[in-house]
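Below you'll find the structure, written out as structure tokens, and then a few comments.
The values are calculated or read from the model by the stated rules, or taken from the named source; none is laboratory data. Source: prediction; values computed, not measured. Note that we place each Cβ from the backbone using ideal geometry, even for glycine, and neighbour counts take in every protein chain shown. When the accessible area is computed, the model is the full protein with side chains, heavy atoms only, and any ligands, DNA or RNA have been set aside. Shrake-Rupley method; radii C 1.70, N 1.55, O 1.52, S 1.80 Å.
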Amino acid sequence: RSLVGSEMCIRDSLYFCWSLLFGYFLVDDSLGVHETLGYQIATTFESSQIFGMNSQTFGELFVSGFFGLLFFIAIGVTYRSNEDEAKAFSRSIFVMLVVLIIFGIIIGLFQGITVDHPIWQFLLSMIEEGGELVVMSVMIWFVFRFNPEAE
């Protein structure tokens, strides 16, 4: 099967948007983008509590949410005009991304807001980091096994 012209461009744009999201994850993780920009936001709120979080945590969540929203708008726009195969790929990646967010953000927030005991801090940190690694490994396996050209 061969796609040419605008059909190829539309299909590729969805995969490209996903690639940009994961590229952002790489840059953010290596350079600490959400931590740095979150700190800048936190300094404007000083040391106040916002929604039960310290201003640094709120700033980091705001930055992550902002960039996440931008990427999901781009993914959503390209998703609507794509073929079933690319949509199925996107749904699978999206589900895995939600699980990654549960480990990376929700458990991290729970750890930071509610737990003070060092043993629980260690266990939750292990669950958070280990869960992220397992989910990312499954995502990589899925992407490498995905072959849109197979009949």
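Side notes on the structure shown:
- Residue within the range 77-88 that is open to solvent by 50 Å² or more (accessible area, probe 1.4 Å) and outside any helix (DSSP H, G or I) present: yes
- Qualifying positions in the range 63-108 - among the hydrophobic types (A, V, I, L, M, F, W, C), at pLDDT below 90 and out of contact with any helix residue (DSSP H, G or I) (no Cβ under 8 Å at 6 or more places or on another chain): ILE106
- Residue within the range 107-121 that is closer than 24 Å to CYS17 by Cα and of a type outside the set (Phe, Trp, Tyr) present: no
- Members of the range 39-91 found to be touching a His at 6+ places or on another chain (Cβ under 6 Å) and of a type in the set (Asp, Glu), listed by number: GLU60
- Pair list, Cβ under 9 Å, 6 or more apart: the range 75-100 residue over 12 Å from TRP18 (Cα atoms), other residue among the basic types (Lys, Arg) and open to solvent by less than 40 Å² (accessible area, probe 1.4 Å): ASN82/ARG11; GLU83/ARG11; GLU85/ARG11
- Hey, GLU128 assigned to a helix (DSSP H, G or I), open to solvent by less than 80 Å² (accessible area, probe 1.4 Å) and closer than 25 Å to TYR39 by Cα or not: yes
- The single condition among (1) modelled with pLDDT of 85 or more; (2) not in a helix (DSSP H, G or I) that TRP18 does not meet is (2).
- Residues (part of a helix (DSSP H, G or I), among the acidic types (Asp, Glu) and either open to solvent by 40 Å² or more (accessible area, probe 1.4 Å) or over 16 Å from ILE105 (Cα atoms) (or both)) located in the range 21-64: ASP29, GLU35, GLU60
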